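> Just dropping this structure here.
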Amino acid sequence: PNENVELFPSIEILAHEETSPGREVLVNRAKVFESIYKAKQSIVVLPIKALVEKLIPKNEYFRYVTTLRKGQNVDFDELTERLVLLGYDRVDMVEEKGQFSVRGGLIDIFPLTSDQPVRIEFFGDEIESMRGFDPDTQRSKENVEECFLMPAREFLLPHDKLHQGLEL
């Protein structure tokens with residue numbers, strides 16, 4: 001009962017299928033990656049299929065992990081581009097994990113591994129405030145000091161190949 005036990009589900013799609021895994025599968029897998037990234041002691045339960053699936057190398061995947069903090073200087077446009085690169089869906093109103101929206105100097109993000117979305121208010125390129133909010137009412141709640149973003153997809157272009165990939 002005192003152990004942290006996590007499920008690492010398999011993708012459950014075939015290579016030739018033109019579909020992606022369900023959001024819940026991606027969330028559960030991202031939570032396991034986050035535990036590994038944060039060096040949390042965990043017991044990971046996984047089906048054989050998940051055990052044999054090919055994954056991006058750990059160090060390459062972890063290069064994409066992004067942490068945002070109050071007072072941090074972040075280029076607003078680069079952040080929105082990074083969110084798209086990480087697999088977050090740009091929407092008009094954030095309601096589900098893996099989504100973000102932009103309104104003026106605000107970015108709403110629902111991190112894949114978080115229980116609540118975060119509203120980030122910018123003053124220029126500085127993060128002025130971060131607050132959790134209710135996705136149903138869109139009303140702000142308590143202040144948040146840090147927003148931890150795991151990639152919302154597992155297959156990412158390496159940093160040094162990104163511009164090459166975009167030019168194709």
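> Starting from the amide H of L7, placed 1.01 Å from N in the peptide plane, find each other amide H under 5 Å away whose residue is 5 or more places distant or on another chain.
For L7, the qualifying residues are V45.
> Next question, about the same structure. From Cα pairs below 8 angstrom and at least 6 apart in sequence, can you work out the relative contact order of the chain, rounded to a whole percent?
About 21 percent, as a whole number.
> Another question about this same structure. Taking +1 at the Cβ of each Lys and Arg and -1 at the Cβ of each Asp and Glu, which of G87, V102, F8 sits farthest along the dipole of the chain towards its positive end, judged by Cα position relative to the Cα centre?
F8
> Once amide H atoms are built 1.01 Å from N in the peptide plane, which residues 5 or more positions from D89, or in another chain, come under 5 Å H to H?
The list, which skips near neighbours in sequence, is Q99, F100.
> Summing +1 for each Lys or Arg and -1 for each Asp or Glu, what net charge is found among the other residues whose Cβ lies under 13 Å from the Cβ of K141?
Taking every Cβ under 13 Å from that of K141, the sum is -2.
> May I pose another question? Rounded to the nearest 10 degrees, what's the angle between the helix 76-85 long axis and the longest principal axis of the chain, both from Cα atoms, 0 to 90?
20
> So, one more: Pick from A152, A50, A39: which residue has the top mean-square fluctuation in a GNM of the chain where Cα pairs under 10 Å get a spring?
A39
> Magnitude of the Cβ-charge dipole of the chain, K/R +1 and D/E -1, about the Cα centre, nearest 20 debye?
Computed about the Cα centre, the dipole is about 480 debye.
> Using the Cα centre of region 83-141 as the reference point, and only Cβ charges (+1 on K/R, -1 on D/E), how large is the resulting charge dipole? Debye, rounded to the nearest 20.
60
> Now a separate question. Name the residue, out of S42, S114, S140, whose mean-square fluctuation peaks in a Gaussian network model built on the chain with Cα pairs under 10 Å.
Sorting by GNM fluctuation, first place goes to S42.
> Further question: Can you compute the FRET efficiency between R82 and V45 using 1/(1 + (r/R0)^6), with r the Cβ-Cβ distance and R0 = 30 Å? Round to the nearest 0.05.
The formula returns an efficiency of 0.40 here.
> Classify region 35-76 as rounded, prolate or oblate, taking a ≥ b ≥ c as the square roots of the eigenvalues of its Cα gyration tensor: rounded when a/c is under 1.5, otherwise prolate if a/b is larger than b/c and oblate if not.
Since a/c reaches 1.5 and a/b is larger than b/c, the shape of region 35-76 is classed as prolate.
> Sticking with this structure for a sec: If amide hydrogens are placed 1.01 Å from N in the peptide plane, which non-local residues have theirs closer than 5 Å to the one on K141?
Close amide H contacts, sequence-distant or interchain: G132, F133, D134.
> Using label points projected 7 Å from each Cα along Cα→Cβ, tell me how many nm separate R90 and Q72, to one decimal.
Reported label-point gap for R90 and Q72 is 2.0 nm.
> Which three extents, in angstrom, do the Cα atoms of region 3-157 have along their principal axes, listed largest first?
48, 38, 31
> Put a dot 7 Å past each Cα toward the Cβ at E121 and R23; how far apart are the dots in nm?
According to this spin-label approximation, the distance is 2.6 nm.
> Say we join alpha carbon atoms closer than 10 Å with springs in a Gaussian network model of the chain; which of N73, N59, N143 then has the biggest fluctuation?
N59
> Between E60 and E142, what is the label-point separation in nm under the 7 Å Cα-to-beta-carbon projection?
Placing both labels 7 Å beyond Cα along the Cβ direction yields 3.9 nm.
> List, in order, the whole-Hz ³J(HN,Hα) value for each residue of region 56-61 obtained from phi through the Karplus relation with A = 6.51, B = -1.76, C = 1.60 and θ = phi - 60°; use x for Gly and Pro.
Here the 3J(HN,Hα) series is 4, x, 3, 5, 5, 4 Hz.
> Top to bottom by accessible area (1.4 Å), largest first, where do D134, D92 land?
In descending accessible area the options line up as D92, D134.
The values are calculated or read from the model by the stated rules, or taken from the named source; none is laboratory data. The model shown is predicted, which means the values in this text are computed figures rather than measured ones. When we count neighbours, we look across all protein chains shown, and the Cβ atoms used for this are built from the backbone with ideal geometry, even at glycine. What goes into the accessible areas is simple: the full protein's heavy atoms, side chains included, and nothing from ligands, DNA or RNA. Shrake-Rupley method; radii C 1.70, N 1.55, O 1.52, S 1.80 Å.
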